[in-house]
Amino acid sequence: MQNLILASSSPRRKELLENLHITFEVSSSDVDENFDPALTPGEIVMELSSRKARAVSMKHQNSFVIGADTIVVLDEIVLGKPKDRADAYSMIKKLSGKEHSVYTGVSIVAPENEIKFYVKTDVVFWELSDEEINAYIDTGEPFDKAGAYGIQGFGSMLVKKIDGDYFSVMGLPISKTVRELRNAGYVMPFSK
Ligand SMILES: Cc1cn([C@H]2C[C@H](O)[C@@H](COP(=O)(O)OP(=O)(O)OP(=O)(O)O)O2)c(=O)[nH]c1=O
């Protein structure tokens, strides 16, 4: 029986994997999320996802461990999670009326190998009034999310257009993740 572990504290990533009705454990560990500013966005999210997966893999040998990391990039500036309300306001204000890219990196540490990849999705926000931005922050939704919004919640109202993978914006490109899990040697049981 192969053991699958999601190395993440994100409820969204857990939900996306649960949709497949496969058995897995959740185990996360704190890793240093600082990165070399010379890296490209794709390299950043692959490096951070790999740190998360490798940290958990050290405690669970012979398992398939999935780590992921999501960032928002606007005009080459990386937006992570907002520190406070003012930071959330400033991020959403910058995103208003513009296109940005969401990068999610995934790393699968398998017993024999490690596979890393990233998915880039372009998202366009409506032009937002200060009132709309403040009302959105009042929902409390921005605080644990890269770019200070969640496309799957109230944040869906901010989004005019998306080009790419919706699930990747939510935090895990589930379809490509499954394909790469198979490539890493994991046998997908399509049972309930
Ligand atoms: C842009 C966007 C991000 N997010 C979330 C996905 C991630 O959970 C979070 C980015 O932070 P991450 O550091 O990628 O992940 P995390 O700290 O939530 O969880 P862990 O490191 O334990 O895996 O932002 C959404 O839920 N919806 C969105 O639309």
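FYI, it's all coordinate maths here, none of it is from the lab. Being a predicted model, the structure only gives us computed values, none of them experimental. Note that we place each Cβ from the backbone using ideal geometry, even for glycine, and neighbour counts take in every protein chain shown.
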Worksheet entry | Where GluC sites (Glu not before Pro) fall in DSSP loop in region 105-192, at most 10 other Cβ within 10 Å | E112, E127
Practice prompt. Kindly provide the helix-only [θ] at 222 nm of the chain, computed as the sum of -39,500 (n - 2.57) over DSSP H runs of four or more divided by all residues, to the nearest 500 deg cm²/dmol?
Written response: -9500 deg cm²/dmol
Item to complete: List E33, E43 from most exposed to least, where exposure is judged by having the fewest other Cβ atoms within 10 Å.
Response: E33, E43
Discussion item. Test of the criteria: in region 77-122, which trypsin sites (Lys or Arg not before Pro) are in a DSSP loop and have at most 13 other Cβ atoms within 10 angstrom of their Cβ?
Written reply: K83, K98
Practice prompt. May I ask you to list the aspartates and glutamates whose Cα is less than 14 Å away from that of K52, ignoring any residue fewer than eight positions away on the same chain?
Written response: D30, D32, E33, D69, E114
Item to complete: Mind jotting down the distance between the C-alpha centroids of region 140-168 and region 38-88, whole Å?
Response: 17
Practice prompt. Quick one: order I71, I162 by neighbouring beta-carbon count within 10 Å, fewest to most.
Written response: I162, I71
Worksheet item: Going by alpha carbons, how many degrees (0 to 90, nearest 10) lie between the helix axis of 41-59 and the longest principal axis of the chain?
Response: 40
Worksheet entry | Pair S9, H21: separation of 7 Å Cα→Cβ label points (nm) | 3.2
Practice prompt. Fewest Cβ neighbours within 10 Å first, please rank M46, M91, M1 accordingly.
Written response: M1, M46, M91
Worksheet item: With a Cα-only, solvent-free Debye model of the chain, what are the log10 I(q)/I(0) values at q = 0.08 Å⁻¹?
Response: -0.26
Discussion item. Please enumerate, by chain and number, the aspartates and glutamates with C-alpha under 17 Å from the C-alpha of K93, excluding those fewer than 8 residues away in the same chain.
Written reply: D75, E76, D84, E127, D130, E131, E132, D138, E141
Worksheet item: Relative contact order (percent) for the chain, with alpha-carbon contacts under 8 angstrom and 6 or more residues of separation?
Response: 23
